[in-house]
Structure formats: C-alpha cells, structure tokens
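J.: This is the structure, below, for whatever I ask next.
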Amino acid sequence: MNIGVSVFLTGHSGNPGDIAREAENLGFESFWVAEHIAVPTHYTTHYPRSADGKVPPFYAELVDPFIALMAAAQTTKTIKLGTAISLLPQHDVLTVAKTTATLDLYSGGRFIFGVGAGWFAEEAQLFGVKFAKRWKHVRESVEALRELWTKDEVSYEGEFVKFPPLKIGPKPAQKSGPPIYLGAHDPKYALKRVAQYADGWFPANLPAEKFAEAIPEIKRLAKEHGRNPEAIEFGVLMMAQGDGPSLDTMKQYQDAGVSRIITLAWAAASGSGVEAVKGLAAIAERGQKV
C-alpha cells in the first residue's frame, strides 16, 4: 500500500522543503499540500468538521501549494508531490497550466494535480465562480489543461473556460501531463465525473466497503466512455487524527482496489511540519506490510 501524507501549511509550519524531505526519509510515497486562497469574514456556509460549523481560522493562512511543492521538489528525489486539493475553478486556467507544467518539469515528473470544485460558496464567489455550476467549470478546466500541457497550439471554447488559438510552455515532464485526481467526496455524484475525465479519485474518509461498490461502477462507466478503466487509480484521504488506519483496515482498502492511503498531519498548521510528519511515521511503516 502506498502511504502519503497531507499537510495544512501555514507560516508556522516551517520550510516545505524540510517537511517533504522528512516525509521522504520516513518512507512516505507522496506529499500533499492543501489549498484555500482566502476566507471571507462573513459567510453562512456550515463547515461540517468543526463543532460550531465555523471554518478553522488557519484556513485563511494556508500557503500557496504550488510554491510549497516547488520548494519540496528541490529537497527530495523520489516522493510524489500533489495538491490535496486545489480549488480549480478559482484559478485562471492559462496561469495554472503554466504553473503546474513548470512544477512538473522541475520535479522530474513527480506532480499529481489533485483538484476539486470546493464546498465554500463564499470563497468561490470571491473569484467570480458560479457555485451552482462549479463542477462543469472543473470539467472544462481539466479538458483545457490536457490540451495546454500536450499541444503546440491550442484553443478552447466552453461556458467558463475559453481562449483563442495560442502557444504556451514549458511542457510538463510527464508527456501526457500530470495525472489529475478528483477529490470529490460524495459517491452519488463523483463516480460519473471520475469515469468521464479523471485519472484518479481520492475522497475523504470513504469506507473500504463503499470503495468496493464504487470502483467497479467507475470502471464500468469509464469503459462506456471509451477510456481504459484499469488506468484509473484510487486513494483515500484519512482526515481523522490519531494512530491512523490499522493494518487490517489497510488490507481492506487494498482488497477493494485502493492503492494509496493519505494520512493528514493536522498539527502542521500550528507548529512544526517536520514534527507533525514524524508523528505519523508508524503509519508509513505499517503500509509497507500490506
């Protein structure tokens, strides 16, 4: 089982390069950085993971994930580097195409682009996102990115993403572009989206038995869309704090078709990211036994 570690990085966390190097030395297979660009002072969206429904204050202090991962790329050699997740509709697609291609180039093809549509309506509205249609915006952005990453001249005409014929570089180290994973959580809607246009899926906290139901359905739908169902990868983001998944739980995920478990180093948001990652070392060791 591949074991990744995800971090909420703020100005209190320390250098991302040091944190990623520690993760690599401990045997983690991948290093993931979260994104929130800005937090409105006034909002009505209920945040389900806090007792009072309020967005954690540190969300407003999260660093730019692409800059953090570039720092991580310079201090590591083999660990994969990903966003978990980037709020794709909040980005200009041409700018993010160049940023991600540059990151993939300088990391030697180690970048995984984890994306989502976002759950925070008021944050999305800061960037002019039509929240009710944000998933269509994601799909258009994904389609455009693949063209921008791989073709010498490209244009795109969608409802939200559109640009005339243009040239853009550099191109990513990965010839087909970085794999794009969806961080969508609700299987009711995610399965079709993953099957249509994603290279992978890593929802938060989805139980192994739910994956056992969802993965065959995604593969069936992918085949209907003319895609190779075996090329889609599956992971799970474990949001809970503590000792992490047991060996038995990891095996259950593996049996269901999941190849990566990403554990979350919550403590990195308010203190040393290196120490936060060290505190999860046993999970990386456990994964090597699966």
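J.: Rounded to the nearest 500 deg cm²/dmol, what is the calculated helix-only ellipticity per residue at 222 nm for the chain, with -39500 (n - 2.57) per DSSP H run of length n ≥ 4? Let's see the in-between values first.
T.: Values: 10 runs with 109 residues, N = 290.
After summing the helix terms and dividing by residue count, I get -11500 deg cm²/dmol.
J.: Kindly rank 118-124, 224-230, 32-38, 212-218 from highest to lowest mean number of other beta carbons found within 10 Å of each residue.
T.: On the way: 118-124: 19.3, 224-230: 11.3, 32-38: 22.3, 212-218: 16.7.
Put in order of decreasing packing, that is 32-38, 118-124, 212-218, 224-230.
J.: Turning to a different aspect of this structure: Which pairs break 22 Å Cα to Cα here: K98/K175; K98/K151; K188/K223; K98/K133? Please report the intermediate quantities before stating the final value.
T.: Numbers: K98/K175 15 Å; K98/K151 13 Å; K188/K223 19 Å; K98/K133 25 Å.
Over 22 Å Cα-Cα: K98/K133.
J.: Starting from 0.36 nm per residue, how many nanometres of slack lie between D243 and K54 once their C-alpha separation is accounted for?
T.: Numbers: separation 189, 0.36 × 189 = 68.04 nm, distance 2.58 nm.
Going from the current span to full extension adds 65.5 nm.
J.: While we're looking at this one, here's another question. Once R0 is set to 35 Å, what does the formula 1/(1 + (r/R0)^6) return for the Cβ-Cβ distance between Q254 and L126, expressed as a FRET efficiency to the nearest 0.05? Intermediate results must be reported in sequence, preceding the final value.
T.: Working: r = 40 Å, r/R0 = 1.15.
The pair Q254/L126 has a calculated efficiency of 0.30.
J.: Could you calculate the contour length gain from K133 to T44, that is, 0.36 nm times the residue separation minus the distance between their Cα atoms, to one decimal place in nm?
T.: Values: separation 89, 0.36 × 89 = 32.04 nm, distance 1.91 nm.
This chain segment gains 30.1 nm when fully extended.
J.: Separation between the A282 and K188 pseudo-spin-labels, each 7 Å from Cα along Cα→Cβ, expressed in nm?
T.: So the label points at A282 and K188 sit 3.7 nm apart.
J.: Another one. Averaging over every viewing direction, what projected area does the convex hull of the Cα atoms of region 2-287 cover, in nm²? Show your work: numbers first, answer last.
T.: On the way: hull surface 56.9 nm².
The number I arrive at for region 2-287 is 14.2 nm².
J.: On a C-alpha basis, how far is the centre of region 52-114 from the centre of region 203-265 in Å? Whole number, if you could?
T.: Answer, in whole Å: 22.
J.: N25 to H225: FRET efficiency via 1/(1 + (r/R0)^6), r the Cβ-Cβ distance, R0 45 Å, to the nearest 0.05? Provide the component values of the computation, followed by the final result.
T.: Details: r = 41 Å, r/R0 = 0.90.
Computed FRET efficiency for N25 and H225 comes out at 0.65.
Readers should treat all values here as calculations from the given coordinates under stated rules, not as data from a laboratory. Bear in mind that the values here come from a model prediction, so they are computed numbers and not experimental data. Virtual Cβ from ideal backbone geometry, glycine too; neighbours counted across all protein chains shown.
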